[in-house]
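As structure tokens, the structure follows; a few thoughts come after it.
Just so it is clear, none of the values below were taken in a lab; they were calculated from the coordinates. All of these numbers come straight from a predicted model, not from anything done at the bench. Here the Cβ is made from the backbone with ideal geometry for all residues, glycine too, and neighbour counts use every protein chain on show.
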Amino acid sequence: MTDKTRQYAHLKSRHCSAVLELSDHEAPLWRYWGPRLPDGALPDFSLRDARATPTFSLEEDVPLSLFPTFGVGWFGSSALLAHREGQDFAQAMTGCEIIWLKQDHALRVRMTDPVASLVVEIDLGLAPETDVLTVSTKLTNMGSGVLDVQWLAAAVLPLPTQAKTVRSYTGRHNSEFVMQETALTRGIWRRENRRGLTSHDAFPGAVTSASAADAHSGLSYGAQLAWSGNHAQLIEWLEDGRYQWQLGEWLAPGEVRLGLGESLQTPEVLATCSLAGRNGVAAGFHKAIRSRLTWPDAEMSPRLVGINTWEGVYFDLKPSTLFEMAAAAAEAGIERFVLDDGWFQGRRSDRAGLGDWWTDLSVFPEGLGPLAKYVNDLGMDFGLWVEPEMINPDSELFRAHPEWALQIADRPLLTARNQLVLDLTRPEVSAYLLDKIGSLLDDLPIAYLKWDHNRDLTTAGSLGRPAYRRQTQAAYALMDEIRQRWPKVEIEACAGGGGRIDAGVLQRTHRVWTSDCIDAISRVAIQRGFLQFFPPEVMGAHVGASPAHSTGRSQSMDFRAAVAMPGHFGVELDLRQLNLAESETLKGWINLYKAHRDQLHHGQVWLGEGDDSVLWQAHGQADDLLIFVYRLGPMTQKWPSNLILPMVDEDKVYRVEEVRARPSLHAAAAPVFDDYRSKGVDLHGAWLAQQGLPLPPRQAETCLIYWVRTLDQLS
Ligand code: DGJ
């Protein structure tokens, strides 16, 4: 017991603890982050007191801290990579002060490096109600020379020895949230994104689990960066068997150069841990994201059923077509009509027009007013698509202001989808966009903006400097300004489907477009990845056409709708092409969604895997669940395995009822399944949890929905 001045800072939430060991001459050491420790559980000795000096090693070793830095004893990855003209390349923190912002739940750590002339402030909050740890870091240059910053971790988190695997998410346009599971080994696991926005191919977060953990139980950890630009994360094995997990913004060379007194503030990291497996991690994230969403009128209103025109008619916009589509939508019970791409000046295809944000009078001679009014008169909200950050070389805007595109002198401009990216860091560009979008919002009864971003950033320079982070900040500022001036308008974030899905954009928008792939089989996987990090009410989920435009596969209307139903439900097809039976079926699903959206969008989500091509997800509370059982492939067993429901209360009796969008044309396959449809079947929670719910045989690409409630809920 050498260090008598040792103290702990113990952050607490309902299920989690984070413990730092403090001393004023170094950055706080990470002692613990994991399931909640009771008061009195912290050991009465310092970390180093239980670490013998290994051979050929530093006499006083440097364990993982909240801010491990290169060059003065720490051999792992540094939380900071910076220098001043080649000097001050090694840093070490001292003068550590702790300021409790909320006793037991939030604190600020302030440290200095008097040699390298730096101040670092790290905010940590562990929200009692969500179990989510929020961490962000601010670095200030107190020296006279410019500080070149290559990396500043937003958070450095400790992972215990038990962490064995990491689940991360990759993908591309039309194929978001492709899960990959990797073993953690003695080395570094690393993901980076340099595409200028969140990206399809590297989601800025991951989930790590102990080997015994699964979806429902065991120790799991999750972290995600609340940022819509470049990012990097690494998990590194440490020589004491633990790991460090760093997340932060990926910075381009020369992107951050701090002058005297200037600071770099990182985005926030949201991180959580759970003994209830990956679903426990998801539950923490869902609560945290919900608490950060900013709704018009402070509270989320029921998520309206929308129709989006894109896959119905693409660029073939004619007022008469749209009026017919609107009438058909209202008749089907749809509550919001969103006019997608193609309505503005010169935009007859994806080759021209971006930047010219006024209605193309050659298509809409009377403007969009009559259509918006018609939509409103039918009782629906009117929504409009924009892609503010983009410009086509073939546009009036580009012809007038070619210098407004992000560019690097003497480098060719690289188009993607025939478009370039506007330099929002130029005040005149943001002012132009505010003016043009503002005029639309002033002139039309727009309740909803679909805000798209259909390409990665290249040659992202502005006035000779890298502009990635400033571009993201400027996009946020534009969104914030629009939210402030038109507070009733909801915004959907879209980026070629799910290229901008993150906790940062979701602080200023109200849902995201999950993917341009609406094939229901593909969507099951995409949505499961999404739901690991975000709650279902912000997950744009539409019923598309069959065959699906993205994959060419065909699925029944029932299956397409059942896959979309748990999210923010909508329709993306030409309703005029449906036959009577399909229209009636879709109407049935719209009504079913309306009846259950409250439960779907306020509850917890459990994702589970059954046997033999069955995946399921449950929404609600343990005593009142809506369970979707998706059969993706044909049965290979004679009788389906029972569905084990680990989340139910084993002391209660439940009534199981099948929920349908329309009455079945076929007799049930056995008496119990008949009862599910008629009077319901009572089953004990212990039976459901241990022996499981009997399931009827089903064909591939079908879904059954069960409402499973305790008898107390029914009375
Ligand atoms: C990409 C989006 O993901 C689609 O939904 C659609 O809005 C198109 N852009 C329009 O160009």
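Quote the charge dipole size of the stretch 281-336 about the Cα centre in Debye, to the nearest 20; the model charges only the Cβ of Lys and Arg (+1) and of Asp and Glu (-1).
400 debye
Got the relative contact order for the stretch 482-637 handy, in percent, Cα pairs under 8 Å and 6 or more residues apart?
Reported as a whole number, the value is 15 percent.
Of all DSSP beta bridges in the stretch 250-408, what percent run antiparallel (nearest 5)?
10 percent
Taking H as built 1.01 Å from N, whose amide H comes closer than 5 Å to the amide H of Ser46, not counting residues under 5 places away?
The answer is Thr2, Asp3.
Residue by residue through the stretch 457-473, what is 3J(HN,Hα) from phi via Karplus (6.51 cos²θ - 1.76 cosθ + 1.60, θ = phi - 60°)? Round to whole Hz and write x for glycine and proline.
8, 10, 6, 7, x, 9, 6, x, 10, x, 10, 4, 5, 5, 5, 5, 4
Rounded to the nearest 500, what is the chain's calculated 222 nm mean residue ellipticity when only DSSP H runs of at least 4 contribute -39500 (n - 2.57) each, over all residues?
About -6000 deg cm²/dmol.
For the stretch 329-431, what ratio Rg/Rh do Cα atoms give with a Kirkwood hydrodynamic radius?
Over the Cα atoms of the stretch 329-431, Rg/Rh equals 1.08.
Taking 0.36 nm per residue of separation and subtracting the Cα-Cα distance, what length does fully extending Gln699 through Ala212 add?
Once the chain is fully extended between Gln699 and Ala212, it gains 172.0 nm.
Relative to the Cα centre, what is the charge dipole magnitude of the chain, using +1 at the beta carbon of each Lys and Arg, -1 at the beta carbon of each Asp and Glu, and rounding to the nearest 20 debye? Provide the component values of the computation, followed by the final result.
Values: 68 positive and 89 negative charges, 126 e Å.
Approximately 600 debye in magnitude.
Around Val256, which amide H atoms from residues at least 5 apart in sequence, or from another chain, sit under 5 Å from its own amide H, with H modelled in the peptide plane?
Here the answer is Val149, since their amide H atoms fall under 5 Å of that of Val256.
What do you get for GluC sites (Glu not before Pro) in the stretch 575-614 restricted to DSSP loop and a cutoff of at most 12 other Cβ within 10 Å of the site's Cβ?
Within the stretch 575-614, no GluC sites (Glu not before Pro) qualify (loop, at most 12 other Cβ atoms within 10 Å).
Calculate, for Arg14 and Ala581, the FRET efficiency according to 1/(1 + (r/R0)^6) with r their C-beta to C-beta distance and R0 56 Å; round to the nearest 0.05.
On the way: r = 49 Å, r/R0 = 0.88.
According to the calculation, E is roughly 0.70.
Rg (Å, one decimal) plus Dmax (Å, integer) for the alpha carbons of the chain?
Over the chain's Cα set, Rg and Dmax evaluate to 27.0, 83 Å.
Short version: ³J(HN,Hα) in whole Hz for each residue of the stretch 338-351, in order, from phi by Karplus 6.51 cos²θ - 1.76 cosθ + 1.60 (θ = phi - 60°), x for Gly and Pro, what are they?
Values per residue, Gly and Pro as x: 10, 8, 7, 3, x, 8, 9, 3, x, 9, 9, 7, 7, 9 Hz.
On a C-alpha basis, how far is the centre of the stretch 346-410 from the centre of the stretch 495-545 in Å? Whole number, if you could?
Using only Cα atoms, the two centres lie 24 Å from each other.
Taking the Cα centre of the stretch 279-388 as origin, work out the dipole magnitude from +1 charges on Lys and Arg Cβ and -1 charges on Asp and Glu Cβ, in debye rounded to 20.
Result for the stretch 279-388 is approximately 420 debye, rounded to the nearest 20.
Which FRET efficiency, nearest 0.05, do Asn591 and Ser362 yield, Cβ-Cβ r, R0 30 Å?
Values: r = 40 Å, r/R0 = 1.32.
Efficiency at R0 = 30 Å is approximately 0.15.
How about Lys12: which lysines have a C-alpha closer than 30 Å to its C-alpha, ignoring those fewer than 8 places off in the same chain?
Filter leaves Lys4, Lys102, Lys138, Lys164, Lys287.
Which of the listed residues, Ala213, Val109, Leu600, is farthest toward the dipole's positive end in the chain, when Lys, Arg count +1 and Asp, Glu count -1 at the beta-carbon?
Ala213
Which residue, Thr309, Ile235, Pro253, has the largest displacement toward the positive end of the dipole of the stretch 206-310 when charges sit on each Cβ (Lys, Arg +1; Asp, Glu -1)?
After comparing all options, I get Thr309.
Hey, what did the stretch 418-486 get for relative contact order, percent, Cα under 8 Å, at least 6 apart?
Contact order relative to length: 46 percent.
Return an integer: the convex hull volume of the alpha-carbon atoms of the stretch 98-191, in Å³ per residue.
Dividing the Cα hull volume of the stretch 98-191 by its residue count gives 187 Å³.
Given R₀ = 51 Å, what would the calculated FRET efficiency be for Ala106 paired with Arg411, taking r from the Cβ atoms and rounding to 0.05?
So, using R0 = 51 Å, E works out to roughly 0.70.
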